[in-house]
Structure formats: structure tokens, C-alpha cells
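Trainee: Following this message is one structure expressed as C-alpha cells.
The values are calculated or read from the model by the stated rules, or taken from the named source; none is laboratory data. Just so you know, these numbers come straight off a predicted model, no measurement behind them. We place every Cβ from the backbone using ideal geometry, glycine too, and count neighbours over all the protein chains shown. SASA here: full protein model, heavy atoms, side chains in, ligands and nucleic acids out. Shrake-Rupley method; radii C 1.70, N 1.55, O 1.52, S 1.80 Å.
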Amino acid sequence: MASSLEGRLKTATELGTSDVAGAVEQLKGLVLEDGSNDTEAVHIKEQAISHLCELYIKQSNAQGLADLLTSLRTFFNAIPKAKTAKLVRSIIDAIAKVPGSTQLQVEVCRAQVEWAKAEKRTFLRQRIELRLASLYMQVKDYPAALALIGTLLSEVKKLDDKLLLVDVYLLESKVNHALRNVPKARASLTAARTAANAIYVPLQLQGGIDCHSGILCAEEKDYKTAYSYFFESFEQLSSLDDPQAAQVLKYMLLAKVMLDQADDVPGIISSKAGLKYTGPEVEALRAVAQAYHDRSLQAFQDVLEAHKSQLVDDVVVHAHLAFLYDTLLQQNLVRLIEPFSRVEISHVAHLIGLPVPTVEAKLSQMILDKKFSGTLDQGAGCLEVFSPSSPDVVYPAALDVLDSLGRVVDTLFARSQKVVA
């Protein structure tokens, strides 16, 4: 029986190079066939399922993978629960490799959770629920994600499954960060680190924790610490050849730019580790570093347009680049108005290459923030810049004298009270 299955698997695999649809039908017939489920037959069927998943991915047939998962339930009842959990998760991972399948993944995970509940497969159900919460975060259904995470946390704490607890806390931190609730995100991350300290954590998960730690440090403008976390995460993920390492390298380079160390970026990219991940992500940050080095707003805007998917669509990077652009705009405006005591706003806008309303609003904000002394004459459309006045030392000295006199009077009053008593 096993040798017959092995021969059919070999035939179907060879057919996959020329006729994908025919190979899919043969493999489905092999996998779904009711027959012997001894150890050898199960192993061959596992290989067939793996090949079938690869062919479905090649066809971009996510629905085929979802149907396969449903039709395999009879087979799952005949094999050990650990093998079932491995196969279910591998098929869900395969669906994730098909572009635009996020909503289908949500539906598949919901269906698998219900099946796992009916079959009383707690271990599998909890891991699928974790995947489902992660998908809810991707589709921006944050309340559903937090509700599912809350239920999971209470269950996992009772079971004392530390590794799963680390995953759940890390996901909770990511959801809270997406909701801009940094204090709660920081608290969840601390809980994840505490749970991780008690067990051995796989390198990939540790890399994820360090990367998220760096993101939260960057939120608090502590870019030096953020760079350290990103560096640790990059080394761990790079050692595993994880594709996520390219994303972390991008965050490392961003931290360098935000630290006003844009000159270090080319050196990091041309290092042995950096060359390994040369691609659109890294090139985007190289261009940002160059624009920042040149202090060119136009070049900065051109980079954002040219690398929109790598910079603007990445929420983490876009938030910091918006702050960087604002800083660059302020520096350029201060440099342009420095030679003038009175200048037309339209002339400043022409020099910097931006619309007049944008420049006027920014100048107004800078005056309020005391970046320079001046006033806007909106009637004439001019900016009046005042020379920085030297600090008046008389008033602070007078306040110090009055403060000293107050203390003397208080002391004399206290002594007189003792004399009277």
C-alpha cells in the first residue's frame, strides 16, 4: 500500500512541472483517498499535502487551499493531534502566501476555531485564535483583536503556557501601539519580556520582541536606544535568513537618520550584513538619508513619491519621516529668513518651493513656538523678523532679592513666635 502511494506521489510531483492542474487532481485523489493510515502512509500523505500546497500557491488558488483544509478533517481524525496541528497551521501559512487573501484567512481561521472547539483540541484552537487576532489587526478590526486577546490571555495564564503567553502579550502590545496607546503597549511588552525571561525563546520570537521594543523607543524619540534594539533584532533575524530582517534594517537606518547621523547610512548598507538585504526597502532609506544630508525639501518630497510603498505605506516609518520633514522645513525657513528684517511671505514661498498658505501656517507656528522672534503682517503679506534681544538681568536679580527677603522675614517671624511663647 505504502509503495503504491509513494509511486503515485512521485508521478504527481513529476507531472507538476508540466501540467499543474493535472498534478493537483492526482495529489488531491491521493490525499483524500480512504485507505490505510499507518505511519508510512501518513508520512507519504503529509508530503503530498505539502506538494499540493506549493501547487495551489503557484496557481494563486487560496480558495482551493481553504477547501482542502475542510476536506481533510476525516484524515485529521485518524492521525495524532500534534500532526494535525502542524498540518492545519502549515495550510493556513500557505493561504497567507497568496496575495490578497487576508479576508479568506479570517474566514478559514474562524471555521477552524469552531471545528477545534467541537473536537476539543484546545492546543490547536488557541494557536489559531492567536493567528485570527493577528489577522484582525491586519484588517484594522482592533476591538475584535483585543477582545480575542483578552479571552486568550485568561486561558493561557491558567495553563501556564509561557511561550504562547509571550506571543499573546507581544500581539497585544502591537495592537495597542496601532491604536496609539503607547503606555498600554509598553505595559504589554514588559509582560512579554517578563514571561520570556522564564523560558528559552526562539530566535525569531526574540527578534520580534526586540524589533517592537525599538519601535516603542522610537515613539518616545529615544532613537539611540531604538537603534540598539533594532540592531539586536537584525542580527537575530539575519542569522535565520528571515525576510523580516530587511524591514528591521530599514528601521535601523531610519534611527540613524533621526539621530542626525545620516552620513553613517551608506556605511551600514555597504557592510557585509547590509549587502545581503539590498533591495527597495534599503534603497528608499538611502535616498532619504541623502536628501536629509543635502537639507533639500524638494529631494525629500521626490523620495517620498518615488518610494511610496516603502515609506508612506509603512505606518512606523511615515510617522517619523513626517517629523523629520517638519524639522527640515523649519531649518530651511530659518536659514532663508536670516538675512531679512522684513520679507514678503510669497518670496519665502518661492525660495523654498512650497505653496504660500503652507509657508504662512508654518511661520506662524514657529513664531508661537519661539523658534525665532517676529510677527506676520497679513494685510501686507509680509513677515517682520526682530533681532534677538539680549536677556534682561535686572528682573531675575530683583526676583532673587525678593525671594531672599521673604525667607529672612519668615525666619524672623518664626524666632519672634518662640520669644513670645
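Trainee: Mind listing whichever residues of region 271-296 are open to solvent by less than 40 Å² (accessible area, probe 1.4 Å) and within 18 Å of ILE352 (Cα to Cα)?
Mentor: ALA291, TYR292, SER296 - these are the residues of region 271-296 that are open to solvent by less than 40 Å² (accessible area, probe 1.4 Å) and within 18 Å of ILE352 (Cα to Cα).
Trainee: Same structure again: Are there helices (runs of 4 or more DSSP H) fully within region 214-286 with at least 1 residues that are in contact with a Phe, Trp or Tyr (Cβ under 6 Å, 6 or more places away or on another chain)? List them.
Mentor: In region 214-286, 223-239, 244-258 are the helices (runs of 4 or more DSSP H) which contain 1 or more residues that are in contact with a Phe, Trp or Tyr (Cβ under 6 Å, 6 or more places away or on another chain).
Trainee: Same structure, new question: Can you tell me which residues in region 256-302 are of a type in the set (Phe, Trp, Tyr) and farther than 23 Å from PHE234 by Cα?
Mentor: Of everything in region 256-302, those that are of a type in the set (Phe, Trp, Tyr) and farther than 23 Å from PHE234 by Cα turn out to be TYR292, PHE300.
Yes/no per residue for (1) farther than 30 Å from LYS158 by Cβ; (2) modelled with pLDDT of 90 or more:
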position: GLY208; (1), (2): no, yes
position: ALA226; (1), (2): yes, yes
position: LYS250; (1), (2): yes, yes
position: VAL303; (1), (2): yes, no
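Trainee: Whether any residue in region 237-260 is over 29 Å from VAL201 (Cβ atoms) and crowded, with 16+ Cβ neighbours inside 10 Å is what I want to check. Can you show your working first?
Mentor: Applying the first criterion (over 29 Å from VAL201 (Cβ atoms)) to region 237-260 yields 257, 260.
Checking which are crowded, with 16+ Cβ neighbours inside 10 Å leaves us with 257.
Among the residues of region 237-260, at least one is over 29 Å from VAL201 (Cβ atoms) and crowded, with 16+ Cβ neighbours inside 10 Å, which makes the answer yes.
Trainee: Separate question: Scan the helices (runs of 4 or more DSSP H) fully inside region 1-101 and keep the ones with 1 or more residues being farther than 24 Å from ARG121 by Cα.
Mentor: 2-15, 20-32, 39-59, 62-71
Trainee: Next up: With respect to ARG73, determine if the residue is modelled with pLDDT of 90 or more and either at positive phi or of a type in the set (D, E, K, R) (or both). Lay out the reasoning, then the answer.
Mentor: Details: modelled with pLDDT of 90 or more: no; either at positive phi or of a type in the set (D, E, K, R) (or both): yes.
So ARG73 fails the test.
Trainee: Right, something else. Identify all residues within region 70-88 that are of a type outside the set (Val, Ile, Thr), open to solvent by less than 70 Å² (accessible area, probe 1.4 Å) and either over 32 Å from the mean Cα position of the chain (by Cα) or closer than 15 Å to GLU119 by Cα (or both); write none if there are none.
Mentor: Once the filter is applied, which keeps residues that are of a type outside the set (Val, Ile, Thr), open to solvent by less than 70 Å² (accessible area, probe 1.4 Å) and either over 32 Å from the mean Cα position of the chain (by Cα) or closer than 15 Å to GLU119 by Cα (or both), region 70-88 yields SER71, LEU72, ARG73, PHE75, PHE76, ALA78, ALA85.
Trainee: Could you go through region 177-186 and let me know if any residue there is closer than 23 Å to LEU104 by Cβ, in a helix (DSSP H, G or I) and open to solvent by 30 Å² or more (accessible area, probe 1.4 Å).
Mentor: Taking every residue of region 177-186 in turn, at least one turns out to be closer than 23 Å to LEU104 by Cβ, in a helix (DSSP H, G or I) and open to solvent by 30 Å² or more (accessible area, probe 1.4 Å).
Trainee: Answer yes or no: is there a residue in region 35-50 that is surrounded by 19 or more Cβ atoms within 10 Å (Cβ to Cβ) and under 30 Å from VAL139 (Cα atoms).
Mentor: Looking for residues that are surrounded by 19 or more Cβ atoms within 10 Å (Cβ to Cβ) and under 30 Å from VAL139 (Cα atoms), one finds at least one in region 35-50, hence yes.
Conditions tested, residue by residue: (1) under 24 Å from GLN298 (Cβ atoms); (2) within 47 Å of the chain's Cα centre (by Cα); (3) open to solvent by 50 Å² or more (accessible area, probe 1.4 Å); (4) at pLDDT 85 or above.
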residue: SER364; (1), (2), (3), (4): yes, yes, no, yes
residue: GLN378; (1), (2), (3), (4): no, yes, yes, no
residue: GLY381; (1), (2), (3), (4): yes, yes, no, no
residue: LEU402; (1), (2), (3), (4): no, no, yes, yes
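Trainee: If a residue has to be assigned to a loop (DSSP other than H, G, I, E, B) and open to solvent by less than 70 Å² (accessible area, probe 1.4 Å) to count, how many in region 121-145 make the cut? Step through it out loud before you land on a result.
Mentor: Our first condition is that a residue be assigned to a loop (DSSP other than H, G, I, E, B); within region 121-145, this holds for 121, 139-141.
From the residues that got through so far, the ones that are open to solvent by less than 70 Å² (accessible area, probe 1.4 Å) too are 121, 139, 141.
Qualifying residue count for the region: 3.
Trainee: Of everything in region 297-345, what is open to solvent by 60 Å² or more (accessible area, probe 1.4 Å) and of a type in the set (Ser, Thr, Tyr)? Give them in sequence order.
Mentor: SER309, SER341
Trainee: Another one. Give me the residue from region 146-176 that is among the hydroxyl-bearing types (Ser, Thr, Tyr) and open to solvent by 50 Å² or more (accessible area, probe 1.4 Å) and, out of that set, farthest from THR194 (Cα to Cα).
Mentor: So, considering only residues that are among the hydroxyl-bearing types (Ser, Thr, Tyr) and open to solvent by 50 Å² or more (accessible area, probe 1.4 Å), the one farthest from THR194 (Cα to Cα) is THR151.
Trainee: Pairs needed: first member in region 99-120, within 16 Å of ALA133 (Cβ to Cβ) and open to solvent by less than 70 Å² (accessible area, probe 1.4 Å); second member anywhere, of a type in the set (Phe, Trp, Tyr) and part of a helix (DSSP H, G or I); C-beta distance under 9 Å; at least 6 residues apart or different chains.
Mentor: That search, which allows pairs on different chains as well, returns VAL106/TYR136; ALA116/PHE123.
Trainee: Condition first: touching a Lys or Arg at 6+ places or on another chain (Cβ under 6 Å) and hydrophobic (A, V, I, L, M, F, W, C). Now tell me which residues in region 241-267 satisfy that.
Mentor: VAL265
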